[in-house]
Amino acid sequence: MILFNETGLAPSLLKAVEQLGFISPTPIQEKTIPLILNERTDIVALAQTGTGKTAAFGLPVLHQIEPFSRNVQALVLCPTRELCLQITNDLNNFTKFSQGIQVVPVYGGASINDQIRLLDKNPQIVVATPGRAVDLINRKKLNLGSIGWLILDEADEMLSMGFKEDLDFILSGTPSSKQTLLFSATMPAEIARIASKYMKKPQEVSVGKANQGADNVSHEYFLVHAKDRYEALKRIADVNPKIYGIVFCRTRAETKEVADNLIRDGYNADALHGDLSQEMRDIVMNRFRNRHLQILVATDVAARGLDVNDLTHVINYNLPDDPEVYIHRSGRTGRAGKNGISISILHLKERGKLKDIERMLNKKIEQKPVPSGKYICEKQLFNLIDKVERVEVNTQHIDDYLQVIYKKLEWLDREELIKHFVSVEFNRFLASYENAPDLNVDTSKNNSAKGNKSRNGYSQWDEDEPRNRKSGRGLSEGSGKRGQRIQFSRMFLNIGKSDRMDKRTIINMVNQTLPGKSVEIGEIEVLRNFSFFEIDNRYEKDLQRGFRHIQFKGKQIGLEVAKPK
């Protein structure tokens, strides 16, 4: 392991790094800093969030920036306003003892005129979100003709947020002589496309494996009925009194509902979702960063740009449809060398998603029993005792009150005093969990129920599954006859969310390709870069022939039979 003062960075940068408390580079910094300093090769760097990527590209680029130049020499693109401001702040910290280097952030949701005034001051580095960068380029206020470095930070997130066209526009308008540095936590097909089209023989640098979770994050799940999901979440919070984590929900409405319920039930929680104004969003995020909140309930989109290193838990209130989203969520804990826990609260219909996630993680997600009321009470009791034992006693201020306190409590002996003291806090948990039911699902009952399974593998006695459900979750118009046993083929489609594909469009394509036929469609999964759907296997070959002649948003569609789940 090398030290920062052995990297060859300028003394002014080393002084700033030392003041920030950094002594030795993180693995991604150790690999990329020498490459950027000594070679002009393009780089694709794969590393999870929280591994020190800003310093990995920022320090060597700052070392080479020409101060006092009136041209933009480096452009950093990132997905969100919050990350834009964070990167700018980090770069300014690195240049604390450097002269003549200006860093300007530009992002949506703020006055473009104010940002134009900052650009008129001729900064050497611009940190931008893709949409605002395109606006400023079109207004001829952001000139990229002289840039020597183009950095794409969290490139996979920018693509998943729909910035593909903006990135293509920006990349195609930059000098071929620039050095392109692409940083990403995962390596989807679109990242490979960018590397192939816009980068010159990029050198790949990886910390860990692509699309794989961090080693210091443990992965667990609880299996409950859907109606018990919130109660399970409360037990997770209660059994971890020092929790500092994010609860991820699927929708804004669910986020608000879960947060409101937690606040009502006395938990130190709040919500982060798209309906909040920017001012309220900043307030909530700052409260969470400063640990004035223990639990933040958020959607994936709302949590982007929230960078916190000390999270103890990430909790999936719902599993995401895309395994890569799970990787991003879990990567928010276990940062800076600390351990973290990623917990998922599953109901029976979600178990199938675990296998895809486990394959990407390359590790097993362990099922844990939902904590019992008795166990939670024990944890809370001993947590209270630990707090009492370690509390700092302010003797100077409390001495004046002790005589009154002694007199008030003199009728209690030692044992009774301890019982009274503990019960002040403990009675609440005893009352809450006195008759607490077991929330764990007994899967043996579902597996043995006469062997009568639906085609998706769920017993007809599973309370999470509708009792009179039709075959398939999405039905084309004119679906098959009632009671007819359908054999489904699972199809792979090379179009996904990043191409603006959705379930309804797939159903319409099938109906247009097989007009006048009663075709039943089963389960549909639209993932980031591709999709799966099930179709009556009698129409499998007809559908493949028909899809050969279809294009979607200018992209040739590829359809083939996939392996069954």
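The values are calculated or read from the model by the stated rules, or taken from the named source; none is laboratory data. Note that this is a predicted model, so its numbers are computed, not measured. In this analysis, Cβ positions are derived from the backbone assuming ideal geometry, glycine residues included, and neighbour counts consider all displayed protein chains.
Here are some notes:
- The set of residues in region 7-32 being part of a helix (DSSP H, G or I) and closer than 18 Å to SER184 by Cβ consists of PRO27, ILE28, GLN29, LYS31, THR32.
- If the condition is being of a type outside the set (A, V, I, L, M), in contact with a strand residue (DSSP E or B) (Cβ under 8 Å, 6 or more places away or on another chain) and under 16 Å from LYS497 (Cβ atoms), then region 158-200 contributes only THR186.
- Output for region 102-122, where each listed residue is surrounded by 21 or more Cβ atoms within 10 Å (Cβ to Cβ) and outside any helix (DSSP H, G or I): VAL103, PRO105, VAL106, TYR107
- Among the residues making up region 123-150, those that are in a strand (DSSP E or B) and in contact (Cβ under 8 Å) with a residue 60 or more places away in the chain are ILE125, TRP149, LEU150.
- Meets criteria (surrounded by 14 or more Cβ atoms within 10 Å (Cβ to Cβ) and not in a helix (DSSP H, G or I)) for ILE506: no
- Matching residues in region 103-112 - criterion: being modelled with pLDDT under 95 and not hydrophobic (A, V, I, L, M, F, W, C): TYR107, GLY108, GLY109, SER111
- Restricting ILE137, ILE191, ILE170, ILE151 to those that are under 27 Å from the mean Cα position of the chain (by Cα), surrounded by 15 or more Cβ atoms within 10 Å (Cβ to Cβ), modelled with pLDDT of 90 or more and over 19 Å from VAL61 (Cα atoms) reduces the list to ILE170.
- For ALA303, the test of being touching a strand residue (DSSP E or B) at 6+ places or on another chain (Cβ under 7 Å), more than 30 Å from CYS377 (Cβ to Cβ) and either free of Cβ contacts under 8 Å to residues at least 12 places away in the same chain or not assigned by TED's automatic domain parsing to the domain that holds THR51 (or both) is passed.
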